[in-house]
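No value in this document is a laboratory result; all are computed from the given coordinates. Since the structure is predicted, the reported quantities are computational estimates derived from the model, not experimental observations. Note: ideal-geometry Cβ built from the backbone for every residue, glycine included; neighbour counts use all protein chains shown.
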Amino acid sequence: MKIITIIGTRPEIIKLSPLMPIFDKEFNHKIVHTGQHYSYCMDKIFFEELKLRKCDYTFNIISNTPASQTGDMMRNIEEVLLKEKPELVVVQGDTNSTLAGALTASKLQIKIAHIEAGCRSFDRRMPEEINRILIDHCSDYLFTPDLTAFNNLIREGINKDNIHMVGNTSTDACLRARNLLNWKGLDESLEKRNYILVTVHRQENTSPENLKSIINSLNIISKNIKIIFPVHLRTRKVLDENNIKIDENLVLTDPLGYKDFIGLLANSKFIMTDSGGIQEEAAILNVPCLVLRDNTEWEYLVKIGKTVLLGTNEEKIIEQVNYFLNNENELENMRNMKVKIKTGASKTIFSIIKDINL
Ligand code: UD1
Ligand code: UDP
């Protein structure tokens, strides 16, 4: 079987890192990189660290708007699909690269497998939410991480026979990285559970006003505890262009490699983040996760008390974080809350795809 996997951003590279080598071994497999993420620290570093081979096609797309970005990717992907004629296209997640891959394959009537299908935040202001819905509804094989995602798809009328609940490929990537940690690489003086790790990059959180308000709250919290903040390049641009003031105990770094990041996460007191992938990783590593959003596609983690939705209001963030800083037992409860983790998603996906009759 000829398969093309389409990737484009940091989380897609990480989450597909356990699956792509299996495809290489077992199928006639090509990897297409849309070039959505292109800076070394958002892209190549993960290929090196996770020992991934070079992509067969990498596009160089420089677009200023999401629609032209998606359109340019589709034009490039179409050329490759027409040339390679795969029987199956595999996409992961909810980015514009994922959407471009799925839409292009569907226009050419090539079957599509969507990994991490069915996730919903029910917030249509997020570009990712629209992407998820469109991608799921043009996919033929939908691999969901959990029962919530499975049920979302059933509610939207997707044929049950096309949905496979397999767990999450990021679990395997994260568990593998846990053995390779290098958490003091950044700062020798860091003490276990004596710092907060932060990431912020969602479109909704990076308008100058919203980012200023989040940074103000971090400046105030950092008077009591050190904060390490590896800054996504979208966020870096907004910080630089708007001259946003950063206090001394709020330590900004470039985006980190996966091992360094997972190491810092595993040893932090807690994480404050608006990332999707990091919420899952925090749960796997038993690190309390305070989400800088009003909603999440990992609702079950909120329900069982593993994650807390902080929102983005400056005063509320400060108030809630101070509460956790003064109540270690609450953090300990979150750490001890057991979450059922399904491992081996990549192998399960492979064995399902292997048996598909195309
Ligand atoms: C994208 C995804 C988001 C995902 C995130 C993972 C969409 C709509 N969004 O958001 O779902 O959570 O990736 O990190 O697809 N930049 C660089 N170098 C890079 C990458 C980005 O400088 O390698 C800067 C550029 O200024 C770029 C901006 O960041 O314009 C935003 O990048 P983009 O890929 O459009 O969106 P992300 O915010 O990364
Ligand atoms: N990550 C990383 N270095 C960093 C920040 C994040 O390696 O400095 C990893 C993180 O462990 C997770 C993934 O990047 O696997 C999450 O990517 P991101 O938050 O950009 O996207 P999302 O998951 O929200 O789509």
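Listed by Cβ neighbour count within 10 Å, with the fewest neighbours leading, MET272, MET126 appear as MET126, MET272.
Relative to one another, the C-alpha centroids of the stretch 294-358 and the stretch 141-220 are positioned 8 Å apart. Taking 19 Å as the limit for the C-alpha separation, the pairs LYS192/LYS269; LYS192/LYS245; LYS303/LYS340; LYS25/LYS354; LYS226/LYS303 exceed it in the case of LYS192/LYS245; LYS226/LYS303. The convex hull of the Cα atoms of the chain, projected and averaged over all directions, covers 16.7 nm².
The fewest-to-most ranking of GLU49, GLU281 by surrounding Cβ atoms within 10 Å reads GLU49, GLU281.
Let me check I have the definition right: for the stretch 191-317, take the eigenvalues of the Cα gyration tensor, multiply each by 5, take square roots. What are those semi-axes in whole Å, largest first?
21, 17, 14
Quick one: order LYS245, LYS226 by neighbouring beta-carbon count within 10 Å, fewest to most.
Values: LYS245 10, LYS226 17.
The order, fewest Cβ neighbours first, is LYS245, LYS226.
A convex hull fitted to the Cα coordinates of the stretch 242-358 yields 176 cubic angstrom per residue. Couplings 3J(HN,Hα) for the stretch 98-104, derived from phi with the Karplus relation 6.51 cos²θ - 1.76 cosθ + 1.60 (θ = phi - 60°), are 4, 5, 4, x, 5, 5, 5 Hz, where x marks Gly and Pro. Sequence-ordered 3J(HN,Hα) estimates for the stretch 197-203 from the Karplus curve with 6.51, -1.76 and 1.60 and θ = phi - 60° stand at 9, 10, 9, 9, 8, 4, 3 Hz, glycine and proline given as x.
Which of the trypsin sites (Lys or Arg not before Pro) across the stretch 1-31 are loop residues per DSSP, with 14 or fewer other Cβ within 10 Å? Walk me through the intermediate numbers first.
Working: sites: LYS2, LYS15, LYS25, LYS30; in loops: none.
Of the trypsin sites (Lys or Arg not before Pro), not one in the loops of the stretch 1-31 has a Cβ with at most 14 other Cβ atoms within 10 Å.
Filter the trypsin sites (Lys or Arg not before Pro) in the stretch 249-358 to those in DSSP coil with at most 15 other Cβ atoms within 10 Å of their Cβ, and list the result. Passing both the DSSP loop test and the Cβ count: LYS338, LYS340, LYS342.
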